Amino acid sequence: MTTLFINGSPNKNGNTVALAQRLLRNQGYETLHLADYKIYGYGQDFLDDQFKEAIQKVFAVDNLVIGLPVRSGDR
């Protein structure tokens, strides 16, 4: 069984990734950093959009883990 972790944080070495590493520590998995892809908003059509490339990885795995940072206050 294959597992894909989607990191929704712009930080590739932050708390979201650290939590996924602990959760998936005894399993083989691949990480997809959304920050590495150019994905536009729904309804926008640009030639350099990489949504299809990213979504193909989602459909190619058995398990999907999505990590998103929780932020409070303005930065």
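The values are calculated or read from the model by the stated rules, or taken from the named source; none is laboratory data. As the structure is a prediction and not an experimental result, all values here were calculated from the model. Neighbour counts are summed over all protein chains in view; Cβ atoms, including those assigned to glycine, are modelled from backbone coordinates with ideal geometry. SASA here: full protein model, heavy atoms, side chains in, ligands and nucleic acids out. Shrake-Rupley method; radii C 1.70, N 1.55, O 1.52, S 1.80 Å.
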Legend entry - Per DSSP, loop chymotrypsin sites (Phe, Trp or Tyr not before Pro) in segment 10-69 with at most 10 further Cβ within 10 Å: TYR42, PHE46
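Run lengths n ≥ 4 of DSSP H only: what is the helix-derived mean residue ellipticity at 222 nm for the chain, with -39500 (n - 2.57) per run over all residues, to the nearest 500? Write down the numbers at each step before the final one.
Values: 2 runs with 18 residues, N = 75.
Computed ellipticity for the chain at 222 nm equals -7000 deg cm²/dmol.
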Inset, instruction - Within the set of other residues whose C-beta is less than 13 Å from the C-beta of THR3, count the net charge using Lys and Arg as +1 and Asp and Glu as -1. - result: 0
Legend entry - Those trypsin sites (Lys or Arg not before Pro) in segment 16-72 that DSSP places in a loop and that have at most 13 other beta carbons within 10 Å: ARG25, LYS38, ARG71
Inset, instruction - Let me know the whole percent of all Cα-Cα pairs from segment 15-75 that are separated by more than 20 Å. - result: 43 percent
Legend entry - Residue-level accessible surface for THR16, protein heavy atoms, 1.4 Å, Å²: 20 Å²
Inset, instruction - Would you mind calculating the relative contact order of the chain from Cα pairs under 8 angstrom and at least 6 residues apart, reporting the percent as a whole number? - result: 50 percent
